[in-house]
Amino acid sequence: MARHCARCGHLADEYDKFCAACGAGLAPLADDSADAAPQTGVLGLRAATEGDSAPMPRVDPTSVGGLAAGQGVLVVLRGPQEGARFDLDPALGTVTVGRSPDCALFLDDVTVSRHHADLLAVDGAWELIDTGSLNGSYVNRRRIDRAVLVGGDEVQIGKYRFVYLAASGEAS
């Protein structure tokens, strides 16, 4: 049984959990368990779905508990998925950010290049590397080619503005 994505209208197959066109989480089929966990996008980015009435919780940029050394979190402060959180685990190695559906962190915005930037786990920290995007990548409102992220940094890619939250063991 096929269904349409509530966000973009794309026709999805019954076994799809995420829209192939925009990356949004798809509502469960009527026969799915009603107490299923909220859907998350690729690598933990929670996509807003139609019917999400409760606002996403705000996160204190100065502290995040429960993260192991080297882990971090990007929380969308502004953009189409405001409040969504993206967990960064060093086991991922490199996380590609962009508008292409094959990117690990998919950002549906025309001001984001198809393969806009990479997040690279380096020595217990995360480095943002712009991969030659047209509109650039910004850390704390300064255009960068590459920058090591520190807890509380503001990252902007296209219309998306994130705050980077570091594991408590990282410098902030």
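The values are calculated or read from the model by the stated rules, or taken from the named source; none is laboratory data. Because the structure is predicted, anything quoted here is derived from the model rather than measured. Because the Cβ atoms are built from the backbone with ideal geometry, glycine has one as well, and the counts that use them run over all protein chains shown. In case anyone asks, the SASA skips ligands and DNA or RNA and just uses the protein heavy atoms, side chains included. Shrake-Rupley method; radii C 1.70, N 1.55, O 1.52, S 1.80 Å.
With a/c under 1.5 counting as rounded, go ahead and sort the stretch 67-109 into rounded, prolate or oblate using the C-alpha gyration tensor (a ≥ b ≥ c being the square roots of the eigenvalues; past the cut-off, prolate if a/b is larger than b/c, else oblate).
Oblate shape, in that a/c is at least 1.5 and b/c is the bigger or equal ratio.
Counting other Cβ atoms within 10 Å, which trypsin sites (Lys or Arg not before Pro) in the stretch 85-156 have at most 15 and lie in a DSSP loop?
Those that pass, being in a loop and sparsely packed, are Arg114, Arg141.
Please give the per residue accessible area of the stretch 73-143, computed with a probe of 1.4 Å over protein heavy atoms only, in Å².
Result: 47 Å² per residue.
At a 1.4 Å probe radius, carbon and sulfur cover how many percent of the accessible area of the stretch 58-164?
48 percent
Considering only C-alpha atoms, what is the centroid distance from the stretch 75-114 to the stretch 117-172, in Å?
The stretch 75-114 and the stretch 117-172 have Cα centres separated by 12 Å.
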